[in-house]
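To start, the structure itself, in C-alpha cells.
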Amino acid sequence: MDNDDIEKKARELQLQIWEERKQLFPEKEPALVSMLDPEVAAKVLGIDFDKYEELGRFGDGQTRFEVAGMIDRQGRRIAVSRRFPLETVRFTGAHEIGHWLLHDDDEIMHRDRPIKGLESGKSRPKREKEADHFAACFLMPAKPLKNAFESIYGRAPLLFDDNVAFRLCPSDPDSLLRPCDAAMNRALAAASAEHYGGRHFNSLAKQFCVSSTSMAIRIRELGLIRE
C-alpha cells in the first residue's frame, strides 16, 4: 500500500470521527487534538481500547522487548502500556489502529515495541513503516497542520534566511543555514519553537501531542519548509 492510500485511510477515519463528534463528545465541541486520539478512533471502529500499567515482555534473548502496544483481533481489542511518555502512548496507539485498518491479514495477536514516533533514517519492516505513516497522518493531518504552521510562521513553505534562522535559533542561527545538516535542523526548530516574532505559543509538537522529531519529519514530508 502506498502513502497516498494510507493517508486516505487516515482521512476517512478522521471524517468518521468528525461526523460522530456530537455522540462522542456530548458535553462540548472537542478540540482537534481530542478527536485525533487513538482511543476515540477505536471507539468509532467498535474496538475495545485498554490502557495498562504494563503489558509484559515478549521475545527471546536479544530480541526480547517490553511490549508497548498489542492487537487482539479475535477479541477486537487494542491494548497500550501507560509506562511511556504521552507522545509515545498516543503514537503507539495510532500505530496499532494503522495495523488494524491496513493489515487485516495480520497475525491474530500482534505486539509492538514502544514507538516514540516517526524516525529518520531507521530501517523498519514494510508493514511497520506503513503503520507509522498511518499514525503520522492520523495524529498530524495535512490541512490542520498547514493551518497551524501558517498561523505561527505566516506562510508555507517557510524560506529560511538569516532573519528566520536568528528568530528560531538566536544562539546558533548558522546551524539552520549550513547545507550539510540544515534540513532536519530547520524542521526540528520549526516543530519545537515556542516563540517567534515576539509571540509565545505552544510548539507545533505540543499542539498535536507528538514528539518534536515526529513533527519535524511530518513538516518535511508536507513540504512546509523550503529545503
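The values are calculated or read from the model by the stated rules, or taken from the named source; none is laboratory data. Since we're looking at a predicted model, the values are computed, not measured. All Cβ positions, even for glycine, are placed from backbone atoms using ideal geometry, and neighbour counts span all protein chains on display.
Quick grid of which residues meet (1) modelled with pLDDT under 95; (2) part of a loop (DSSP other than H, G, I, E, B); (3) not assigned by TED's automatic domain parsing to the domain that holds Arg155:
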| site | (1), (2), (3) |
| --- | --- |
| Pro179 | yes, yes, no |
| Leu188 | yes, no, no |
| Lys206 | no, no, no |
| Glu227 | yes, yes, yes |
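Residues that are more than 17 Å from Glu130 (Cβ to Cβ), within 15 Å of the chain's Cα centre (by Cα) and charged (D, E, K, R) were ranked within segment 71-96; the one that is surrounded by the most Cβ atoms within 10 Å (Cβ to Cβ) is Arg90.
The single residue among Ile152, Ile219 that is within 26 Å of Pro38 (Cα to Cα) and touching a strand residue (DSSP E or B) at 6+ places or on another chain (Cβ under 7 Å) turns out to be Ile219. Val33 falls short on exactly one of the conditions (1) surrounded by fewer than 17 Cβ atoms within 10 Å (Cβ to Cβ); (2) under 20 Å from Glu128 (Cβ atoms); (3) β-branched (Val, Ile, Thr); (4) modelled with pLDDT of 90 or more, and that condition is (2).
Residues considered: Leu24, Leu13. Of these, the only one that is surrounded by 15 or more Cβ atoms within 10 Å (Cβ to Cβ) and more than 21 Å from the chain's Cα centre (by Cα) is Leu24.
In segment 190-201, the qualifying residues are those that are in a loop (DSSP other than H, G, I, E, B) and loosely packed, with under 12 Cβ neighbours inside 10 Å, and the one that is modelled with the highest pLDDT is Gly198. Could you please let me know if Ala165 is aliphatic (A, V, I, L, M) and under 23 Å from the mean Cα position of the chain (by Cα)? In short, no. Taking segment 155-177, which residues are among the aliphatic types (A, V, I, L, M), in a helix (DSSP H, G or I) and either under 16 Å from Arg220 (Cα atoms) or touching a Cys at 6+ places or on another chain (Cβ under 8 Å) (or both)? Scanning segment 155-177 gives a single hit, Leu176. Look at Leu176 and say whether it is farther than 23 Å from Asp37 by Cα, in contact with a strand residue (DSSP E or B) (Cβ under 9 Å, 6 or more places away or on another chain), crowded, with 16+ Cβ neighbours inside 10 Å and aliphatic (A, V, I, L, M). Judged against the criteria, Leu176 is not a match.
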